[in-house]
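Visitor: Have a look at this one.
Read-outs throughout are calculated quantities, based only on the coordinates presented, and are distinct from any laboratory measurement. The model shown is predicted, which means the values in this text are computed figures rather than measured ones. Cβ placement follows ideal geometry from the backbone for every residue including glycine, while neighbour counts extend to all protein chains displayed.
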Amino acid sequence: MKIRDVFVHESTYLDQPVQIGVGTKIWHFCHIMKNSSIGEDCILGQNVHVAEGVIIGNHVRIQNNVSIFNGVELEDYVFCGPSSVFTNVINPRSEISRKNEYKRTLVKRGASIGANATIICGVEIGRYAFVGAGAVLSHDISDYALVTGVPARQIGWFSRHGYRLRQVSESMYICPISNWRYELSAPNSMKCIDWPEDCTLAPSECPSQPKQ
């Protein structure tokens, strides 16, 4: 059905009230619970569950079989791979209700989570960070960090365009696709020096070469 330029497949359960932005598409067998907010131009694949009160930004892509639980917040341009897993309680027990112990998990703008990765609650995933497929992440990671493995460990840095950064000097890195330069100003502080960090444009809307 069409609601305010939103596509919702007929097999989806859409509780009320919910807020859904223009251009968003919600596909088969999803359940969107009340008081949740989904931004503009998002795509939710098959069998996605969005819990009550969850906030999802604009241009977010959530692949099949993902549940976004209470306490999880996805900023703009986040990508969640198929069957990626979020939690909201550190020590769950069926015998004990811990609904008042949900921990906040924040996935910041532009970050990507690979297929079958598990995100333990209470962490913050930095802007444009990349969590590899199958990783188990239990700690905060920095902007542009690339982490893989069980448990997840940082093995490098990823560019805003989604490619592993190539180190060209002690503190300077470069994206092999865009040629944008990135500077490591501290052990866990990577910044792009060829485009403003607060720019809200997607990389596809930005020039492919560094500003001179």
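Visitor: Mind sorting Val18, Val150 by how few other Cβ atoms lie within 10 Å of their own Cβ, fewest first?
Guide: Val150, Val18
Visitor: Between the stretch 147-187 and the stretch 119-142, how far is it from one alpha carbon centroid to the other, in angstrom?
Guide: After rounding, the separation between the Cα centres reads 16 Å.
Visitor: Separate question: Return the distance in nm (one decimal) between the two label points of a simple spin-label model at Arg104 and Tyr163, each offset 7 Å from Cα along Cα→Cβ.
Guide: Spacing of the two 7 Å Cα→Cβ label points: 3.6 nm.
Visitor: Shifting gears a bit: What FRET efficiency would be calculated for the residue pair Ile193, Ile155, taking the C-beta separation as r and a Förster radius of 25 Å, to the nearest 0.05?
Guide: 0.65
Visitor: Over the chain, what relative contact order in percent results from Cα pairs under 8 Å that are six or more residues apart?
Guide: Once divided by the residue count of the chain, the mean separation gives 9 percent.
Visitor: Kirkwood hydrodynamic radius, the chain, all distinct C-alpha pairs: what's the number in Å?
Guide: 17.9 Å
Visitor: Sorted from largest to smallest, which semi-axis lengths in Å does the alpha carbon gyration tensor of the stretch 95-212 give for its equivalent ellipsoid, taking the root of 5 times each eigenvalue?
Guide: The answer is 29, 15, 12 Å, longest axis first.
Visitor: Of the lysine pairs in the stretch 1-155, how many meet both conditions: Cα atoms under 22 Å apart, and a spacing of 8 or more in sequence or different chains?
Guide: Values: Lys2/Lys25; Lys2/Lys34; Lys25/Lys34; Lys25/Lys108; Lys34/Lys99; Lys34/Lys103.
Lysine pairs, 8 or more places apart or on different chains, close enough: 6.
Visitor: With N denoting the number of residues in the stretch 52-118, provide Rg(C-alpha) divided by 2.2 N^0.38 Å, to two decimal places.
Guide: Taking N as the residue count of the stretch 52-118, the ratio is 1.14.
Visitor: I would also like to ask the following. How high is the relative contact order of the stretch 1-58, in percent, counting Cα pairs under 8 Å that sit 6 or more residues apart?
Guide: 30 percent
Visitor: Taking only C-alpha pairs under 8 Å that are 6+ residues apart, what is the relative contact order of the stretch 128-212 in percent?
Guide: 18 percent
Visitor: Which three semi-axes in whole Å describe the equivalent ellipsoid of the stretch 1-97, each the square root of 5 times a Cα gyration tensor eigenvalue, listed largest first?
Guide: 22, 14, 13
Visitor: Report the full-extension gain for the segment Asn179 to Glu205: residue separation times 0.36 nm, less the Cα-Cα distance, to one decimal in nm.
Guide: 7.8 nm
Visitor: Please arrange Glu75, Glu95, Glu183 by counting, for each residue, the other beta carbons lying within 10 Å of its beta carbon, fewest first.
Guide: Exposure proxy ranking, most exposed first: Glu95, Glu183, Glu75.
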